[in-house]
Amino acid sequence: YPVKRHWSGILQWKLSSINNGILEGLNSVIQAAKRKARGYGKKHFKTMAYLLSGKLDLNRVNGFLPTCF
């Protein structure tokens, strides 16, 4: 019975072969941003999430930053 209820989703997964690994990885990055922005508020959390998930090379913009950041 449960298989029949989810049959269309099972077929769709078989056709696409996409798993949720990418989503789990993104969730991990977002959780890290939440920890780093703790206490600063929603605005800073959103900024931190964008910076971490965007994989930006900030050295190109701020060449004076030390490489330890």
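The values are calculated or read from the model by the stated rules, or taken from the named source; none is laboratory data. Keep in mind the model is a prediction, meaning the values are calculated, not measured. Note: ideal-geometry Cβ built from the backbone for every residue, glycine included; neighbour counts use all protein chains shown. Calculation scope for accessible area: heavy atoms of the full protein, side chains included, ligands and nucleic acids excluded. Shrake-Rupley method; radii C 1.70, N 1.55, O 1.52, S 1.80 Å.
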Legend entry - Lys, Arg +1 and Asp, Glu -1 on Cβ, resulting dipole of region 1-47 about Cα centre, debye, nearest 20: 340
Inset, instruction - Give the cross-link partners of Lys36 among the lysines, using a straight C-alpha distance below 23 Å as the criterion and excluding same-chain residues fewer than 8 apart. - result: Lys46, Lys55
Legend entry - Whether region 2-51 is rounded, prolate or oblate, judged on the alpha carbon gyration tensor where a/c under 1.5 counts as rounded: prolate
Legend entry - Candidate lysines for bridging to Lys42, where Cα separation is under 20 Å - those fewer than 8 sequence places away on the same chain excluded: Lys34
Legend entry - Inter-probe distance in nm under a simple model that places probes 7 Å from Cα toward Cβ, at Glu24 and Lys46: 3.0
Inset, instruction - On the full set of protein chains, 1.4 Å probe, figure out the accessible area of Ile18 and give it in Å² to the nearest 10. - result: 110
Inset, instruction - Excluding residues fewer than 8 places away in the same chain, name every one of the lysines whose C-alpha is closer than 30 Å to that of Lys4. - result: Lys14
